[in-house]
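The structure under discussion appears below in the form of structure tokens.
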Amino acid sequence: GESGVQKDTDKVVEAFTMMRTRPAADAIPRALENPHLNNAQRAALIRSYENHLLDPPVSLDPAMVYLKAHQDANSTVKQAGLEVLTAAGAPGGDKAVKWLLDIMVEKDPKLSTAALTLLAASDIGVDGARLVGQSFVDMKLPAETQPRVVQILRRHAEKDALCAKLLAAVMKSR
């Protein structure tokens, strides 16, 4: 795996993508750190979290820690992270929400739209809603994300004056 021999690295990644056990899931973060992996292999390892259908469910926090620590990761790797969160239903935990809040301002509209869809499917709290709303007002988000931004802000607009103000601005814009 870490020998640098591509054939060995390929075999390790292939083996991980077929495993279905908790110990294998627990080992994914270490495997992701292998410097000899290419982007497609990192994406395959992240997607392999979907294979671990266990009770209790495998935590996606280690994958989110990896992705948050590797903000410069290729869009293929980030897309894999979004796919795993989507398959899980909604982002669970602060680590996923924090990563999604970073991804929502990506230049790639597919990534930002997918991140906002996941954020809209969960309660990200008043501070998260404010950040989403302000990002939209500051034109850091694509115009097509407006419905999701509105959905996020509406959850908090009645009880939070800033969310209400941002909601009004978002609804008037573009």
Keeping the other protein chains in place, figure out the carbon and sulfur percent of the accessible area of the stretch 1-113, with a 1.4 Å probe.
-> 55
Please state, to two decimals, what the Cα-based radius of gyration of the stretch 98-143 comes to when divided by 2.2 N^0.38 Å (N = residues).
-> 1.00
In Å², rounded to a whole number, the accessible area per residue of the chain with probe 1.4 Å is 52
If the limit is 18 Å between Cα atoms, which of K11/K68; K95/K140; K7/K68; K110/K165; K110/K172; K110/K140 go over it?
-> K11/K68; K95/K140; K7/K68; K110/K165; K110/K172
Kindly write out, for the stretch 17-27 in residue order, the coupling ³J(HN,Hα) from the Karplus curve 6.51 cos²θ - 1.76 cosθ + 1.60 (θ = phi - 60°), rounded to whole Hz, with x marking Gly and Pro.
-> 5, 9, 6, 9, 9, 4, x, 5, 4, 5, 8
Rank these by accessible area, largest first, 1.4 Å probe: E144, E83.
-> E144, E83
If you project the alpha carbons of the stretch 48-138 onto the principal axes, what extent comes out on each, in Å, largest first?
-> 41, 28, 20
For M18 the rounded accessible area (nearest 10 Å², probe 1.4 Å, non-protein molecules ignored) is 120
If you take the charge dipole of the chain about its Cα centre, with +1 on Lys and Arg Cβ and -1 on Asp and Glu Cβ, which of V84, Q41, A31 is farthest toward its positive end?
-> V84
After finding the eigenvalues of the alpha carbon gyration tensor for the stretch 87-174, what semi-axes result from the square roots of 5 times each, listed largest first in whole Å?
-> 19, 16, 10
Over the alpha-carbon set of the chain, divide Rg by the Kirkwood Rh and report the Rg/Rh ratio to two decimals.
-> 1.05
Mind telling me which of A129, A88, A63 comes out most flexible in a GNM of the chain, alpha-carbon contacts under 10 Å?
-> A88
What angle do you read, to the nearest 10 degrees and between 0 and 90, between the alpha-carbon axis of helix 109-120 and the longest principal axis of the chain?
-> 70
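The values are calculated or read from the model by the stated rules, or taken from the named source; none is laboratory data. Here the structure is a predicted model, which is why all the values come from computation and not from measurement. A quick note on method: Cβ atoms are made from the backbone with ideal geometry, for glycine too, and the neighbour counts reach across all protein chains shown. Heavy atoms of the whole protein, side chains included, go into the accessibility calculation; ligands, DNA and RNA do not. Shrake-Rupley method; radii C 1.70, N 1.55, O 1.52, S 1.80 Å.
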